[in-house]
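Right, one structure below, let's go through it.
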Amino acid sequence: MAKFEGSCQCGAVTYASDGEPIFVGACHCTNCQKWTGSAFSMMVAVPKPSFTVRGGRLATHHDVGDSGKATHRHFCAACGCTIYDEVDVNPSMVMIPVGTLANPDAVKPQLHVYWKHHASWVDGLLALPKFDALPPH
Ligand SMILES: [Zn+2]
Ligand SMILES: [Zn+2]
C-alpha cells in the first residue's frame, strides 16, 4: 500500500509513493518563491523509484535552481498544479508538494532549506491572528 497518495487540483493527475521520506521541509529558494507565488514551498522528498504518476497530462518547466543545477517542475497541464519536482543536484529523489497529498497531515515538517533566501517575516507567521475563513469585514 502506498505511503503517500495525492492529486492535482482538478484530479486529472494522481500519484503514489511507497517510499520512506528522505526529508520533509520548507524550501525558501527563489525558484520556489516564484513558482508558488508564496514565501516558500513545503515538500516531501521521496526516492524516485518509489514514485508513480497516473492519468492526466503533465507539462514540465525546466529551470536552473539556486543550487546552480537544473530543476524540472512537472505540473498538470489542465490545472497547473505542481505534481513533483526533480532536481539535478540530487537525481535520486523527487519532491512532492505537501499540499497535494490526500492527507497533508501524514507528514511532519523537519527542516528548512535555502533559509538564506527566507522572507524576513516568516518567523512571525504563527504569531499572527488566525481566522477559520476570510477575516471579518
Ligand atoms: Zn489537474
Ligand atoms: Zn525551492
Out of curiosity, is residue 25 at pLDDT below 95 and closer than 25 Å to residue 106 by Cβ? no
Might you let me know whether region 60-68 holds any residue that is within 16 Å of ligand 1 (Cβ to nearest atom), of a type outside the set (Ser, Thr, Tyr), more than 23 Å from residue 105 (Cα to Cα) and surrounded by 15 or more Cβ atoms within 10 Å (Cβ to Cβ)? no
Among 14, 52, the single one that is within 16 Å of ligand 1 (Cβ to nearest atom) and not aliphatic (A, V, I, L, M) is 14
Determine whether region 30-43 contains at least one residue that is over 26 Å from residue 120 (Cβ atoms) and touching a strand residue (DSSP E or B) at 6+ places or on another chain (Cβ under 9 Å). no
Reported set for region 19-30 where residues are of a type in the set (A, V, I, L, M) and in a strand (DSSP E or B) is 24, 26
Which residue is farthest from ligand 1 (Cβ to nearest atom), if the candidates are limited to region 34-49 and must be buried (at least 19 other Cβ atoms within 10 Å of the Cβ) and either among the polar types (S, T, N, Q) or free of Cβ contacts under 8 Å to residues at least 60 places away in the same chain (or both)? 45
Count - residues of region 89-111 that are more than 16 Å from ligand 1 (Cβ to nearest atom), surrounded by 14 or more Cβ atoms within 10 Å (Cβ to Cβ) and over 14 Å from residue 35 (Cβ atoms): 6
If a residue counts only when it is more than 15 Å from the chain's Cα centre (by Cα), which strands (runs of 3 or more DSSP E) contained entirely in region 31-137 have at least 2 such residues? 51-54, 58-64
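The values are calculated or read from the model by the stated rules, or taken from the named source; none is laboratory data. On a predicted model such as this, the values are computed, not experimentally measured, just so you know. In this analysis, Cβ positions are derived from the backbone assuming ideal geometry, glycine residues included, and neighbour counts consider all displayed protein chains.
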